[in-house]
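Take a look at the structure below.
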Amino acid sequence: MSDYEVVIGLEVHTELKTASKIFCGCSTSFGAEPNTQTCPVCLGLPGVLPVVNQKVVEYAVMTGLALNCEVSQFSKFDRKNYYYPDLPKNFQISQYDLPICQGGSLEIEVDGEKKVIGITRVHMEEDAGKLVHQGETIGRSEYSMVDYNRTGVPLLEIVSEPDMRSAAEARAYLEKLKAILEYLGVSDCRMEQGSLRCDANISLRPRGSRTLGTKTEIKNMNSFRSLQRALEYEIWRQTQALEEGEKIVQETRTWDENQEVTLSMRTKEEAHDYRYFPEPDLPPLVIDRGWVEEIRGKLPELPHVRRSRFIEEYSLPEYDADIITGSRALADYFEECCRQHRDPKAVSNWIMGDLLRCLNNEGLEIAESRVAPGDLAAMLKLIDQGTISGKIAKTVFEEMFRTGRDPQSIVKEKGLVQITDEDAISGIVDRVLAANPQVVEDFKNGKDKALGFLVGQVMKETRGKASPEIVNRLLREKL
């Protein structure tokens, strides 16, 4: 790669979390039976007129402000004309030359280095329908079916400048953008459901050159891993081609998750002529500056601000703060725990360790956790009070996550209260020492591991209930 520089720009589409579609009153809820959430407007039947959903405009302004964009006082909708089976009108209502937001920026950090990525524009448009391909991949499908439920769902398209120079930077950009959209509450960003998806434009050029190389576009990636792997493969593919003297063809490619390669879908030798023209059925949007400032004043705390606050207010390490504030729901969970248990590092350790592990194992989001913040805080208090040990807490937490029950009832029902009676523990320690004379001798001869073995034997005798602190102290005293 030393001979070439990678140039990447992303086009991100996010479905907005409104109750109804952008130009009609149909529901936007996900998962309904195919073609049950449609009407003459979103199906483009003759004689119908679209009406703009004001919430969509508000969410677009919020997003633009959060991305440091200039909100246009005057913008308009346009018709983007093309034929595809999932587009019933044969045109898409979008924005072309006068988008609602322009000229923003987003800061990312990769390997400790910060970088500002330019945002070209943020514009509103309606989503198309969904093609359901009957086959392993789009290229091997025997036929496709069309679901128009998604037609007319409000979208924001967020277009970056070609400022990214690696697959890792592109992933960091998408992760940061997703977090901002979640914090704003404008989208649920469920990538597995298609409410956040990404197209990547990538080209290579000789290092030091200012002329852009021939780009390829990789369509519709819906996970961070897919984006990074697809770009890494495409960098490798284009590098091999250029080194062998081949010419890169401008084309649209798709990422095959199973083969872990990009595949050609169609060539784009010339720019597609979408014959844009102003949408005749919608008046231009004139945005009142006072309304924009009112929205600015209501913007929530954004991820980078919350990260800094967590480091300062809770004394969290930067790594912990990065992970926890990467998701608004996770950051909210953390703060609710801290309101009920004032040991932020202990809360952070359990969230980043056991809680996230259990969630990942079951493919759940934090909002779906069966362990409520108050119950996690209550369990940490039991540890602090000496009622249970940290080891017992692992067992208690697993049961909490599995059943959703509170820690107190689990501890009581299973008899997991920690033994802190020194006389009782002392008797068990005596028996262990008497049963292991060789290990005692090894400890006296300087073998420190022998102590760990003896501690383990005492804990085994007490089924893990003895206070580890008391066990360690008594063993050292008696030895």
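Looking at V52, V57, which one is out of contact with any Gly (no Cβ under 9 Å at 6 or more places or on another chain), aliphatic (A, V, I, L, M), assigned to a helix (DSSP H, G or I) and at negative phi?
Going through V52, V57 in turn, the sole match is V57.
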Consider M191 carefully, then state whether it is touching a helix residue (DSSP H, G or I) at 6+ places or on another chain (Cβ under 6 Å), hydrophobic (A, V, I, L, M, F, W, C) and within 14 Å of L227 (Cα to Cα).
-> no
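Identify, from the list A179, A167, A128, the residue that is in contact with a helix residue (DSSP H, G or I) (Cβ under 6 Å, 6 or more places away or on another chain), more than 23 Å from S203 (Cβ to Cβ) and in the same structural domain as P40 (by TED's automatic domain parsing). Show your work before the answer.
Numbers: A167 fails: more than 23 Å from S203 (Cβ to Cβ); A128 fails: in contact with a helix residue (DSSP H, G or I) (Cβ under 6 Å, 6 or more places away or on another chain).
Only one candidate qualifies: A179.
Each row is one residue, and each column tells you yes or no for (1) touching a strand residue (DSSP E or B) at 6+ places or on another chain (Cβ under 9 Å); (2) of a type outside the set (F, W, Y).
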| residue | (1), (2) |
| --- | --- |
| E232 | no, yes |
| W236 | no, no |
| I248 | yes, yes |
| R253 | yes, yes |
| N258 | no, yes |
| V261 | yes, yes |
| M265 | yes, yes |
| D273 | yes, yes |
Give just the number: which of (1) under 24 Å from the mean Cα position of the chain (by Cα); (2) closer than 17 Å to H123 by Cβ does Q54 not satisfy?
-> (1)
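Listed residues R237, R225, R266; which is at pLDDT below 90 and either within 32 Å of the chain's Cα centre (by Cα) or of a type in the set (V, I, T) (or both)? Don't jump to the end; show me each part of the working.
On the way: R237 fails: at pLDDT below 90; R225 fails: at pLDDT below 90.
Of the residues listed, the single one that is at pLDDT below 90 and either within 32 Å of the chain's Cα centre (by Cα) or of a type in the set (V, I, T) (or both) is R266.
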Output the qualifying pairs, or none if there are none: Cβ atoms under 9 angstrom, residues six or more apart or on different chains, first residue in the stretch 142-156 and aromatic (F, W, Y), second residue in a strand (DSSP E or B) and modelled with pLDDT under 95.
-> Y143/H133; Y143/Q134; Y148/K130
Failed item, numbered, when L16 is tested on (1) touching a residue at least 60 places away in the same chain (Cβ under 8 Å); (2) surrounded by 18 or more Cβ atoms within 10 Å (Cβ to Cβ); (3) more than 15 Å from E125 (Cβ to Cβ) | (3)
Between residues in the stretch 436-450 that are within 14 Å of N472 (Cα to Cα) and residues that are exposed (fewer than 11 other Cβ atoms within 10 Å of the Cβ), which pairs lie under 7 Å by C-beta distance while being six or more apart or on different chains?
-> none
If you check every pair at least six apart or on different chains, which have Cβ atoms under 9 Å apart with a residue in the stretch 106-133 that is buried (at least 19 other Cβ atoms within 10 Å of the Cβ) first and a residue that is basic (K, R) and assigned to a strand (DSSP E or B) second?
-> I108/K114; I108/K115; E125/K80
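Go through V41, V6 for me and flag whichever is closer than 30 Å to L242 by Cβ, buried (at least 17 other Cβ atoms within 10 Å of the Cβ) and touching a residue at least 40 places away in the same chain (Cβ under 8 Å). Talk me through it step by step, then tell me what you get.
Numbers: V41 fails: closer than 30 Å to L242 by Cβ.
One residue alone meets the criteria, V6.
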Does any residue of the stretch 160-167 turn out to be among the hydrophobic types (A, V, I, L, M, F, W, C) and closer than 30 Å to S27 by Cα?
-> no
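Where in the stretch 336-435 are there helices (runs of 4 or more DSSP H), lying wholly inside it, with at least 1 residues that are modelled with pLDDT of 95 or more?
Values: elements: 344-350, 356-362, 373-384, 390-403, 407-414, 422-435.
Here the list reads 344-350, 356-362, 373-384, 390-403, 407-414.
Output the residues belonging to the stretch 404-447 that are within 18 Å of S389 (Cβ to Cβ) and surrounded by fewer than 17 Cβ atoms within 10 Å (Cβ to Cβ). Step through it out loud before you land on a result.
Step one: of the stretch 404-447, the residues within 18 Å of S389 (Cβ to Cβ) are 407-408, 410-422, 424-426, 428-429, 432.
Result: Q408, K412, E413, K414, G415, V417, T420, D421, E422, A424, S426.
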Take the stretch 440-479 and flag every residue that is touching a helix residue (DSSP H, G or I) at 6+ places or on another chain (Cβ under 9 Å), assigned to a loop (DSSP other than H, G, I, E, B) and at pLDDT 80 or above.
-> K447, L479
In the stretch 203-216, which residue that is surrounded by 18 or more Cβ atoms within 10 Å (Cβ to Cβ) and closer than 16 Å to R266 by Cα is nearest to the chain's Cα centre (by Cα)?
-> T216
Residue that is nearest to C198 (Cα to Cα) [pool: residues in the stretch 224-265 that are buried (at least 16 other Cβ atoms within 10 Å of the Cβ) and small (G, A, S)] = S226
How many residues are part of a helix (DSSP H, G or I) and loosely packed, with under 13 Cβ neighbours inside 10 Å if we restrict to the stretch 270-304?
-> 5
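The values are calculated or read from the model by the stated rules, or taken from the named source; none is laboratory data. Nothing here was measured: the structure is a model prediction, and the numbers come from that model. Virtual Cβ from ideal backbone geometry, glycine too; neighbours counted across all protein chains shown.
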